[in-house]
Amino acid sequence: MADGQCTVTVCQGTGCISNGADRLYAALQAEVVRLNLGDSIHVKQTGCQGFCQRGPLVITRPDGTFHCRVTPEDVPDFVQSLLPGGKPAERLYYRDMVTARATAHWADIPFYYQQERRVLRNCGHIDPENIEEYIAAGGYRALHRALFEMAPEEVIAEVKRSGLRGLGGAGFPAGRKWESCRKAPGEPKFVICNADEGDPGAFQDRSLLEGDPHSVLEGMTIAAYAVGAHKGFVYVRAEYPLAVRRLGVAVTQMREKGYLGKGILGSGFDFDIEIFQGAGAFVCGESTALVLSIEGKRGMPKALPRPRTSEVGLWGKPTLLNNVKTFGNVPLIIAHGADWFARLGNAQSKGTAIFSLTGKIVNSGLIEVPMGTRLREVIYDIGGGIPDGRAFKAVQTGGPSGGCLPASMLNMPVDFDSLKAAGSMMGSGGMVIMDEDTCMVDVARYFLDFSRRESCGQCTPCRVGTQQMFAILDDITQRKGKPGDIEVLLELGEAMAQTSICALGQTAPNPVLTTIRHFRSEYEAHIYEKRCPAGACRAYL
């Protein structure tokens, strides 16, 4: 312990809490009190520290010693290790699954040191319920700069120059959307943060809201100043109770400190934020459905052609709607400048990408890498590869709207345009890894089952098409596939993509179309040879 002081940071994100981190946190606090060590050891909570596979996680600072899979039963020995002359708790250190070599410092672990944690810079370091810690880490300096050193048009120009694109999936240039909203006639104007994260396997928006809510709220406030809005909403899933609670704490603290409300920081600019809990409909992630939901109506996408939400949105007024991660980038751009932001990434995709790395992977968790990082680097260098010596088979990006990419595409850069060209998408940032024992027909069936259940039912191509495609896929996995099924799936998928009202129906066929494109032989084996090559479909066992 440097100077006799030690801070024990305990991950209190949802992932670690599900493994008992809340009980661990309480046990650590109780042990420090029992031993009267409050002057030398400070126990504090943080949001997600990223390495979910090894939770519950504890990092001691300032030395940065990383401890994983810590339980309440480990607490007495762990606290003793922090005392002068105490023996390090090496059994709790990270160990490589292949070499079994122990690593003490978090920054020396491949999972961490090969990332570029910009938006996630505070997650795992600060107490998300303590605004003072956010301020000490540089928080709200960007807001101060925007309000007192920049005109609204200059803020928009900086965001445009940075090349920031919407990180909710569509990748639309953020600065252009902001400019459109500012120029659109009509008052009042609104700002909405889309935190309706509903993709299977995705948890990055939730983790950012749990671990660093102030960065998102600061980004919203800067955006409101730029477009001329005075009211904002965070549309967050009610299934995220911890994120909702920490958002509420952060908003209250902002008001108390003068970062929200009338005349923010004495600038004369008024802005406030309301937290709106969505009921869990996946389709409400679509902008027009989300707006209708806030208005108290049934959340269903509006048919094309229609004005952009930035021009005609909430209650018919211009509304700026961006994703959690998009707003999380804004304070960085304003504080450090567009050129600094654009140094990472490639020509068309600037900055970083945040992914939830899940599935058949050694190191699952929350990661942030520069745009353009190759899939191989993400899966093998950061993710540690496939467990138990299994072969990599596919990666599914973009949630149920994305596609499945085979091993031949491991050298593909991860960015908006490359993924789209491959038939997949960035989406909200889910990345699900599959190994040789995964049946790709069953994977397509799983995602179609999700999409058909989440369809709002408004348009026939989506309502009927997802049901028909699912029925065919279900038959194939149940040993009932027929010649011609593959062709019907392709025809239905193309029709849905061209005629559905919103992106849910337009992209729902992607898992089917990409698995047929890259794994057609598996479909043919099910239909013509009556076997599942992966040995995963029970009907074929």
* Asked: Which entries in the list K177/K350; K160/K183; K262/K317; K262/K297; K177/K325; K189/K231 go over 19 Å, if you measure between the two C-alpha atoms of each?
  -> K262/K317; K262/K297
* Asked: In a Debye calculation with equal point scatterers on the alpha-carbon sites of the stretch 313-393 and no solvent, what is log10 I(q)/I(0) at q = 0.19, 0.20, 0.27 Å⁻¹?
  -> -0.90, -0.94, -1.24
* Charge dipole (the chain, unit charges on Cβ, about Cα centre) - positive-most of I222, C502, A30 -> C502
* Asked: About its Cα centre, what dipole magnitude does the stretch 441-540 give when the only charges are +1 on Lys and Arg Cβ and -1 on Asp and Glu Cβ, stated in debye to the nearest 20?
  -> 240
* To do: Among DSSP beta bridges whose residues both lie in the stretch 161-277, state the antiparallel percentage, nearest 5.
  => 15
* Taking one equal scatterer on every alpha-carbon of the stretch 2-113, how large is log10 of I(q)/I(0) by Debye at q = 0.11, 0.12, 0.20, 0.21 1/Å? -> -0.31, -0.37, -1.07, -1.18
* **G430 long-range amide H proximity, modeled H, under 5 Å** => S356, G398, G399
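Give the dimensionless ratio obtained when the Cα radius of gyration of the stretch 352-435 is divided by 2.2 N^0.38 Å. Before the final figure, lay out the partial values.
Numbers: Rg = 11.2 Å, N = 84, 2.2 N^0.38 = 11.8 Å.
Taking the Cα Rg and dividing by 2.2 N^0.38 Å, one obtains 0.94.
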* Asked: In debye, nearest 20: dipole of the stretch 131-342 around its Cα centre with unit charges on the Cβ of K, R (+) and D, E (-)?
  -> 580
* **Residues K183 and K530, FRET efficiency given R0 of 56 Å [Cβ-Cβ distance, rounded to 0.05]** => 0.35
* **Three-way shape call for the stretch 441-540 based on the alpha-carbon gyration tensor, with the a/c threshold at 1.5** => prolate
* Structure fact -> In whole percent, the Cα-Cα distances of the stretch 131-342 spread across 10 Å bins from 0 upward as 9, 38, 39, 13, 1
* Structure fact -> For the stretch 218-352, inverting the pair-averaged 1/r of distinct alpha-carbon atoms gives a Kirkwood value in Å of 16.5
* Leaving out same-chain residues fewer than 8 places away, which aspartates and glutamates sit with a Cα under 19 Å from that of K480? -> D442, D449, E522, E524, E529
* Structure fact -> Of the candidates N411, G398, Q467, the farthest towards the positive dipole end of the stretch 392-477 (Lys/Arg Cβ +1, Asp/Glu Cβ -1, centred on the Cα centre) is Q467
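Just how large is the dipole of the chain about the Cα centre, in debye to the nearest 20, putting +1 at every Lys and Arg Cβ and -1 at every Asp and Glu Cβ? Kindly include the intermediate steps, with their values, before the conclusion.
Values: 58 positive and 59 negative charges, 187 e Å.
That gives a dipole near 900 debye.
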* To do: Out of all DSSP beta bridges with both ends in the chain, state the antiparallel percent to the nearest 5.
  => 50
* Would you list which aspartates and glutamates come within 12 Å of K87, measuring only between C-alpha atoms, while excluding same-chain residues fewer than 8 positions from it? => D77
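Using only DSSP helix segments of four residues or longer, with each worth -39500 (n - 2.57), what per-residue ellipticity at 222 nm results for the chain after dividing by its residue count and rounding to 500?
Numbers: 20 runs with 210 residues, N = 541.
The helix contribution divided over the chain gives -11500 deg cm²/dmol.
For the chain, what are the DSSP H helices with axial Cα length of 20 Å or more and mean Kyte-Doolittle hydropathy of at least -0.5?
Details: long enough: 213-227 (21 Å, 0.83); 241-257 (24 Å, -0.08); 440-454 (21 Å, -0.31); 460-477 (25 Å, 0.19); 485-499 (21 Å, 0.47); 510-528 (23 Å, -0.56).
Going by DSSP H runs, the hits are 213-227, 241-257, 440-454, 460-477, 485-499.
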* Structure fact -> So for the chain, using the alpha carbon gyration tensor with a ≥ b ≥ c as root eigenvalues (a/c under 1.5 gives rounded; past that, a/b versus b/c decides prolate or oblate), I'd call it oblate
* Whether the stretch 385-524 is rounded, prolate or oblate, judged on the alpha carbon gyration tensor where a/c under 1.5 counts as rounded -> oblate
* To do: Counting only DSSP beta bridges with both residues in the stretch 352-435, tell me the antiparallel percent, nearest 5.
  => 80
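Values quoted throughout were computed directly from the atomic coordinates according to the rules given, and no laboratory measurement underlies them. Being a predicted model, the structure only gives us computed values, none of them experimental. Neighbour counts run over all protein chains shown; Cβ positions are idealised from the backbone, glycine included.
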